[in-house]
Amino acid sequence: MVDALFQGAQGLGTQNAIMSSWGYVSQGQRTYSMDNIKDGLYIAPAFMDKLVIHIAKNFMNLPGIKVPLILGIWGGKGQGKSFQCELVMSKLGINPIVMSAGELESGNAGEPAKLIRQRYREAADVIKKGKMCALFINDLDAGTGRMGGTTQYTVNNQMVNATLMNIADNPTNVQLPSIYNKETIPRVPIIVTGNDFPTLYAPLIRDGRMEKFYWAPTREDRIGVCKGIFRLDNVHDYDVAKLVDQFPGQSIDFFGALRARVYDDEVRKWIAKVGIENIGRNLVNSKDGPPTFQKPAMTIDKLMEYGNLLVQEQQNVKRVQLADKYLSSDALVDANADAIQQGTFYGSSA
C-alpha cells in the first residue's frame with residue numbers, strides 16, 4: 001500500500017489505487033467449474049467432481065502414484081447416488097457394465113466371484129476397442145455387508161470380497177477360473193454404491209484400494225435436483241425451494257414419488273370413465289394404444305397436500321408395529337387400536 005501523497009496520476013499503470021483482489025491470483029490457482037447439467041437435469045458439483053476425477057485418474061499414467069481402483073459412494077437411502085452416477089457416465093460418454101447386489105449371491109459356490117471377473121474383463125474389452133468404460137456395482141453392502149448378528153456370512157461373500165481386493169491390487173491382471181493367460185488388460189475403474197459402508201469387510205474399503213465418498217446433498221443440491229424433477233410441470237423455482245424447505249428431512253426420491261402421486265387424480269378419472277371391468281382391455285394389447293393424459297396443474301398447494309399424505313404414511317410405518325403386537329398379545333384385540341386412537345376407524349359418517 002502506498003500513501004496517496006506519493007502516488008502519481010490515477011489510472012495510469014501501477015498508479016491505479018484500486019485493484020481487484022482477483023488480479024493477484026495466478027492462473028494456476030484459479031478453479032473452473034464443470035458443466036453440471038445433463039438434458040436439463042442437475043448434477044451436484046461435488047458429486048460430479050469426485051466421480052469425474054476418479055475415472056480420469058484411472059485412465060492416466062501418473063508416475064509414482066498408486067491410484068485407488070474402486071470409488072465407493074455411500075450415504076442415505078433415496079439420495080440419488082445411482083441416478084447421479086448415470087448422469088455423469090452419460091455426460092462422459094460411458095456405457096458402464098452394471099451389476100447389482102442380487103448377483104453377488106448364488107446357489108453355486110464361487111459363481112458371483114467368477115461373474116465379477118467376467119464383467120470386469122468385458123469392460124476391459126470395451127476399453128481395448130477405444131471407448132471408455134467402467135464397472136458399476138449397485139448396493140454393494142446389501143450383497144456383502146454384515147447387517148447384524150443374524151446376517152449369514154457365506155462362502156460367496158468371502159469370495160466376492162477377496163475377488164474385489166485382488167482386482168484392486170492387480171487391475172491389469174484379472175484371470176478367469178481354470179484359465180491363465182499372461183496378458184495385460186486395460187485398467188477398468190470400479191464404482192460401487194451403498195448405504196452403510198461400515199458393514200463391509202474392512203480390508204476391502206481401506207485406503208489404497210477404495211476411495212470413499214460420503215454423499216449428503218446440501219440444500220442447494222436438493223433444490224437443483226428437484227428443479228429437474230419438476231422441469232416439465234411449470235413449477236416455479238421459488239415454489240420448488242419452498243417445497244424442499246417444507247420437507248427438509250426427506251430424501252430426494254421423496255419428491256419423485258410426490259410428483260407421481262399428483263397423477264392419481266387423472267388416473268382415477270380415467271378409471272371412472274372406462275369402468276373398472278374394462279381396465280384390462282384398455283391397458284393390455286389395446287388397439288387404441290396406452291391412455292394419454294393432460295398434464296395436471298401442479299400447484300404448490302396440491303404438492304404440499306400430497307407431500308403431507310406421504311409423510312403421514314411414513315409415520316404410520318414407524319408408529320404401528322403390528323408384528324410386536326402379534327407376538328405379545330392376541331392380534332384381534334389390538335389390530336384396530338391405532339385407527340381408533342387416530343379417529344379414523346369409524347369413518348367420516350360417524
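What the table shows:
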item: Subset tally (residues that are farther than 30 Å from VAL155 by Cα and either open to solvent by 40 Å² or more (accessible area, probe 1.4 Å) or not assigned by the TED database to the domain that holds ARG121 (or both)) for the range 67-104; result: 7
item: The one condition in (1) of a type outside the set (S, T, N, Q); (2) at pLDDT below 85; (3) open to solvent by 90 Å² or more (accessible area, probe 1.4 Å) that GLU313 fails to fulfil; result: (2)
item: Subset of the range 124-156 (residues that are part of a helix (DSSP H, G or I) and open to solvent by 40 Å² or more (accessible area, probe 1.4 Å)); result: ASP125, VAL126, LYS128, ALA142, VAL155
item: Selection status of ILE190, in the same structural domain as ALA109 (by the TED database), among the β-branched types (Val, Ile, Thr) and either modelled with pLDDT under 95 or closer than 17 Å to LEU258 by Cβ (or both); result: no
item: Flag if SER100 is modelled with pLDDT under 95 and under 20 Å from ASP253 (Cα atoms); result: yes
item: First in the range 36-61 and within 22 Å of ILE127 (Cβ to Cβ), second anywhere and among the polar types (S, T, N, Q) and outside any helix (DSSP H, G or I), Cβ under 9 Å, 6 or more apart; result: MET48/ASN36
item: Residues being in a helix (DSSP H, G or I), open to solvent by 60 Å² or more (accessible area, probe 1.4 Å) and either outside the structural domain of ALA56 (by the TED database) or not acidic (Asp, Glu) (or both) - total across the range 105-123; result: 2
item: Matching residues in the range 157-192 - criterion: being among the hydrophobic types (A, V, I, L, M, F, W, C) and either farther than 15 Å from LYS114 by Cα or part of a loop (DSSP other than H, G, I, E, B) (or both); result: ALA168, VAL174, LEU176, ILE179, ILE185, VAL188, ILE190, ILE191, VAL192
item: Qualifying residue in the range 335-343 (condition: surrounded by fewer than 12 Cβ atoms within 10 Å (Cβ to Cβ), out of contact with any Ser or Thr (no Cβ under 7 Å at 6 or more places or on another chain) and modelled with pLDDT of 85 or more); result: no
item: Failed item, numbered, when PHE213 is tested on (1) under 23 Å from the mean Cα position of the chain (by Cα); (2) assigned to a helix (DSSP H, G or I); result: (2)
item: Hits in the range 260-318 (condition: outside any helix (DSSP H, G or I), in contact (Cβ under 8 Å) with a residue 40 or more places away in the chain and either among the hydrophobic types (A, V, I, L, M, F, W, C) or farther than 30 Å from PRO248 by Cα (or both)); result: MET298
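Conditions (1) farther than 23 Å from GLY40 by Cβ; (2) buried (at least 18 other Cβ atoms within 10 Å of the Cβ); (3) of a type outside the set (A, V, I, L, M, F, W, C), marked per residue:
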{"position": "ARG219", "(1), (2), (3)": "no, no, yes"}
{"position": "GLY249", "(1), (2), (3)": "yes, no, yes"}
{"position": "LEU258", "(1), (2), (3)": "no, yes, no"}
{"position": "ASP265", "(1), (2), (3)": "yes, no, yes"}
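The values are calculated or read from the model by the stated rules, or taken from the named source; none is laboratory data. Source: prediction; values computed, not measured. Glycine also receives a Cβ, built like all others from the backbone with ideal geometry; neighbour counts cover every protein chain displayed. Note: accessible area is taken over every heavy atom of the protein model, side chains too, but ligands, DNA and RNA are not part of it. Shrake-Rupley method; radii C 1.70, N 1.55, O 1.52, S 1.80 Å.
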